[in-house]
């Protein structure tokens with residue numbers, strides 16, 4: 001299985017390097033921003049942390065992973081803290097963090113106004129909120145949303161190996177670039193629309209790569225499947 005995946009990856013990388021060598025995967029963009037905002041002076045809250053491994057990769061003065069449940073493989077040894085809680089009611093003092101990150105989390109916000117207000121409260125003045133999520137303007141994401149919830153959950157488990165505790169209902173109430181420009185109390189610093197390039201299957205990759213090339217045309221970038229958005233708390 002590993003050999004097959006590596007073969008698909010090598011095939012995908014050859015095509016990407018030939019037709020768009022400037023392309024960066026969504027996680028590379030997300031991690032690149034994290035690397036700039038973390039460090040000894042940073043106080044970082046990773047919301048919806050799951051296994052809590054991200055805060056081990058980017059050391060900070062204070063690192064806290066937060067989730068609604070404790071993943072059986074979660075990292076929680078000092079100085080990497082793991083806290084159980086809900087983003088809509090954060091158990092932290094005002095201005096506790098310089099950075100909050102949400103990796104594939106905001107699509108699950110039932111009430112984004114309440115959750116974002118809580119995030120803003122625990123951020124320092126000028127603190128940053130980094131978000132990676134799906135883009136509901138993408139036809140591929142739109143198609144997925146048409147599936148019954150039971151089918152979508154089954155697909156996430158079988159297609160991506162997600163475990164029961166990792167699969168949550170998606171509301172998609174904050175999932176376009178325009179939505180972030182209207183968020184109260186924040187300003188957009190960076191916004192990246194990125195086409196997913198899953199290479200676990202060669203046919204799937206070719207379809208996604210074709211969409212990526214198509215969305216390089218003027219005005220079509222907004223149709224890509226993923227968003228990475230960096231916001232800053234305003235006064």
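Residues are listed down the side, and each one gets a yes or a no for (1) assigned to a loop (DSSP other than H, G, I, E, B); (2) surrounded by fewer than 17 Cβ atoms within 10 Å (Cβ to Cβ):
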| residue | (1), (2) |
| --- | --- |
| 6 | no, yes |
| 32 | no, yes |
| 49 | yes, no |
| 63 | no, no |
| 99 | no, no |
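How many of the residues making up region 178-205 are part of a helix (DSSP H, G or I) and touching a helix residue (DSSP H, G or I) at 6+ places or on another chain (Cβ under 8 Å)? Selection size over region 178-205: 2. Which condition number does residue 158 fail, the rest of (1) modelled with pLDDT of 65 or more; (2) in a helix (DSSP H, G or I); (3) more than 28 Å from residue 84 (Cβ to Cβ) being met? Of the numbered conditions (1) modelled with pLDDT of 65 or more; (2) in a helix (DSSP H, G or I); (3) more than 28 Å from residue 84 (Cβ to Cβ), the odd one out for residue 158 is (1).
Could you grab me the full set of residues in region 119-129 that are part of a strand (DSSP E or B) and surrounded by fewer than 22 Cβ atoms within 10 Å (Cβ to Cβ)? Walk me through how you get there before you give the answer.
Within region 119-129, the first condition is being part of a strand (DSSP E or B), and the residues that meet it are 123-129.
Correct list: 124, 125, 126.
The values are calculated or read from the model by the stated rules, or taken from the named source; none is laboratory data. Please read these numbers as outputs of a predicted model, since none were measured by experiment. Counting neighbours? That spans all protein chains shown, and the Cβs are built from the backbone with ideal geometry, glycine included.
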